[in-house]
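To start, the structure under review is shown below, and the notes come after it.
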Amino acid sequence: MSNFFISYNKADRSWAEWIAWVLEENEHSVVIQAWDFRPGRNFVIETQNASINSEHTIAVLSPDYLAAMFTQPEWAEAFSGDPTGNMRKLLPVRVRECKPAGLLAPIEYVDLFDLSEQEAESTLLTALLDRAKPSNRPTFPGGAVPPRVFAGRVPFPNSDIQSPQPHRFSPNPPHADPMFGYSVIKTVYTGGYGRVMKCLRHDGSVCIVKATDSQEVSIEALSRLTDLPVTNIAKPLRIWSVGDYVYEELPYVAGIRLSDMIFSGHGGLQGALLESFAVSTKRSLAGLHAQGIVHRDIHPDNVYAVFRSTNDKQDEGWTYDAFGSFDRDFNPTTPFEIAWVIVDCTFVTLDQDIQAKAYYHGRFTPPEQVFGHAEAASDMYALGATMFYAALGRYIPSYTEPSSCPFKRDDYVQPPYLQDYIERLLSRSPATRPKAVDEIKYTTAAVCYTGLLRAPHDNIVICSTSEIQCELVPISYARTHTKDYYLSDKWRSLVS
Ligand SMILES: Nc1ncnc2c1ncn2[C@@H]1O[C@H](COP(=O)(O)OP(=O)(O)O)[C@@H](O)[C@H]1O
Ligand SMILES: [Mg+2]
């Protein structure tokens, strides 16, 4: 028995496949003609079987579907099993403007057209939540301790305030629900200190809710993060605590984990991609460090590459970060198509916090942090270890090894100055490591290394005096801003 059978007209095959993909991604089983019906089998019989053997049939409604409806047996099959609609056997989904008539007319449908992909996905998933039952056992109302809310911009779904709620929403009073009313789609990850859940907010949009053992969390540092204007960091939008756990609502980051982009033993993140990673991560870290916050947990599992949405590329240029927030510091003409996002800020601490416990993540943790003294420079070491892993596909040697140079004779990092930079980041003495806050101030100089970037031809690469920061700018921009850059002879002739 599968969860869903998708009934569609061939004109809407791309919609049907998209719906099937989203459902399977969210742990539902799906039968769809395009993927599951093999050539040479009897189409009508397969269709009827699929419909009978599925809990629900999703009808992909369009003018084509309705025109062909009476020749198709599957909707009738779905309908006849549940004439009152109680079991929600038939779930009509409109993908184009059309008017369901006859037997289909009284059944409620949802519309997926004229929405962004993310909106369509959450509309679809919300429509499938067939009951108001929350995914977690509600806290016993008699002895419930109301959650303590530390920070956040999302309006509190308080029963006193009576905000409009979808009728399928949890009937439990929100104060008795440790999940604060978010409905869990699935648990993404369960770790030693807690768990990460993909959830729906009240408005049906997707987010992450992360629950962590409160012993491990500095509420003060984490709360400071919520209002920081730092880009490309999955900072908590709201923080609350119930019992022994601290909960965070986080933006959902749909991307590729850096560790999954790396070929073990080979690495592969080199050239302009490595540069873009270094520049972007440093910019985010500089934002944290300027406020006395240390991330403490930079490593290849906690960095994601995400595609900027196409909207960001239009007239206004690249002024938005991975979450669509306006990115003030970002050079509006930088045409990198990916943004690097730091996730997992749960273990942030304040650099003056002398009581902070030691926090450790293998080779990515510098010696001083192992002993409990994390400071801004500790994140720079972790950045160096992450860049090393990204470029070469292996971990840096332990800091207990006698040699302080992490590289072997045949190691090759492109461009070569990044190899030197990594070595300086990995200095065992925090005071001598490059600082994110210093470097991002200077944007001058020129170097040419375009590597794997998808960049228009009229772009050049500029680099900072420290030869660390690289950005691509259109030649026209460099022309009007030449005074801001030192240009090598090669590029000077191009722009003058
Ligand atoms: N904001 C997010 N968006 C999407 N996936 C996330 C997000 N936060 C965490 N995850 C997923 O959960 C995994 C573990 O989350 P993380 O916050 O790194 O937990 P831990 O502190 O246990 O390392 C991540 O590797 C990622 O797959
Ligand atoms: Mg993590």
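Rule-based calculations on the coordinates, nothing more; no lab input. The structure presented is a predicted model; accordingly, all values stated were derived computationally and were not measured. Cβ coordinates were reconstructed from backbone atoms using ideal geometry, including for glycine residues, and neighbour counts include every protein chain displayed.
With 19 Å as the limit, write out which pairs from K210/K235; K186/K210; K235/K282; K198/K235; K10/K89 have Cα-Cα distances beyond it, or answer none. Write out the running numbers ahead of the final one.
On the way: K210/K235 12 Å; K186/K210 12 Å; K235/K282 16 Å; K198/K235 16 Å; K10/K89 22 Å.
Going by Cα-Cα distance, K10/K89 fall outside the 19 Å limit.
Between K435 and I256, what is 0.36 nm times their sequence separation minus the Cα-Cα distance? Round to one decimal in nm. Show your work: numbers first, answer last.
On the way: separation 179, 0.36 × 179 = 64.44 nm, distance 2.70 nm.
Taking K435 through I256 to full extension adds about 61.7 nm, to one decimal.
Can you give the extra length, in nm with one decimal, that the chain gains between A68 and L228 once fully stretched, where that is 0.36 nm per residue apart less the Cα-Cα distance? Walk me through the numbers before you get to the answer.
On the way: separation 160, 0.36 × 160 = 57.60 nm, distance 5.50 nm.
Additional length available on full extension: 52.1 nm.
D36 versus D301, label points 7 Å from Cα toward the beta carbon: distance in nm?
3.4 nm
Say each of E423 and A105 gets a label point 7 Å from the Cα, pointing the same way as Cα to Cβ; how far apart are those two points in nm?
Each label point lies 7 Å from its Cα, and together they span 8.0 nm.
Search the structure for amide H atoms under 5 Å from the amide H of Y360, placed 1.01 Å from N in the peptide plane, and list their residues when 5 or more places away or on another chain.
Residues meeting the criterion, in which the H sits 1.01 Å from N, do not exist here.
When a footprinting reagent is the concern and you count Cβ atoms within 10 Å, what order do S378, S122, S29, S403 take, fewest first? Don't skip to the answer; put the middle values down first.
Working: S378 26, S122 22, S29 13, S403 7.
Neighbour counts put them in this order, fewest first: S403, S29, S122, S378.
Using 7 Å Cα-to-Cβ label points, what is the E55/N3 separation (nm, one decimal)?
The two pseudo-label positions are separated by 0.7 nm.
Contour minus end-to-end for A11 and I354, with contour as 0.36 nm per residue of separation and end-to-end as the Cα-Cα distance?
On the way: separation 343, 0.36 × 343 = 123.48 nm, distance 6.44 nm.
Length difference between fully extended and current span is 117.0 nm.
Using the per-residue mean of other Cβ atoms lying within 10 Å as a proxy for protection, in what order, highest first, do the peptides 275-285, 106-116, 260-270 fall?
Details: 275-285: 24.6, 106-116: 13.4, 260-270: 15.0.
My ranking of the peptides, most packed first, is 275-285, 260-270, 106-116.
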